[in-house]
1. Does any residue in segment 51-64 that is assigned to a helix (DSSP H, G or I) come within less than 7 Å, Cβ to Cβ, of a residue that is among the hydroxyl-bearing types (S, T, Y) six or more places away or on a different chain, and which pairs are these?
2. Restricting to segment 23-61, count the residues that are of a type in the set (D, E) and modelled with pLDDT under 95.
3. For a quick check of your reading of the model, give me the residue pairs whose first member lies in segment 20-49 and is under 18 Å from L64 (Cβ atoms), whose second is exposed (fewer than 12 other Cβ atoms within 10 Å of the Cβ), with beta-carbon atoms closer than 6 Å and at least 6 apart or on different chains.
4. Going through segment 24-61 one residue at a time, which ones are over 9 Å from the mean Cα position of the chain (by Cα) and of a type in the set (A, V, I, L, M)?
5. How many residues does segment 1-51 contain that are within 18 Å of E62 (Cα to Cα), surrounded by fewer than 13 Cβ atoms within 10 Å (Cβ to Cβ) and polar (S, T, N, Q)?
Amino acid sequence: MTTPMTVTQLRNLPATVDLMTAARVLGLGRTKAYELAKRDRFPCRVIRIGDLYRIPTPGLLELLGVPAEPVTEPTRNARPA
């Protein structure tokens, strides 16, 4: 079993990832990931270039409900500018 990715690691992924990286993020095995991609049933957008599958990272983050940028909380003692 592989170690799950943290939110920080997810945000640091490149613009697109390979199918196996996306599968790892989603907790899918190799066979299931390729089966879903080939049937156009992968849960997020897949870019197919010949036999190569690439997954846009923004769509993967959106599927997981992870904002692309960290949400910053205003500090309590901050004064408006």
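1. Hits for this filter: T57/T16.
2. Summing the residues that are of a type in the set (D, E) and modelled with pLDDT under 95 in segment 23-61 gives 1.
3. These pairs meet every condition: R24/T2.
4. L28, A33, L36, A37, V46, I47, I49, L52, listed by residue number.
5. Going through segment 1-51 one residue at a time, the tally reaches 4.
The values are calculated or read from the model by the stated rules, or taken from the named source; none is laboratory data. Here the structure is a predicted model, which means the values were calculated and not measured. All Cβ positions, glycine included, derive from the backbone under ideal geometry; neighbour counts span all protein chains shown.
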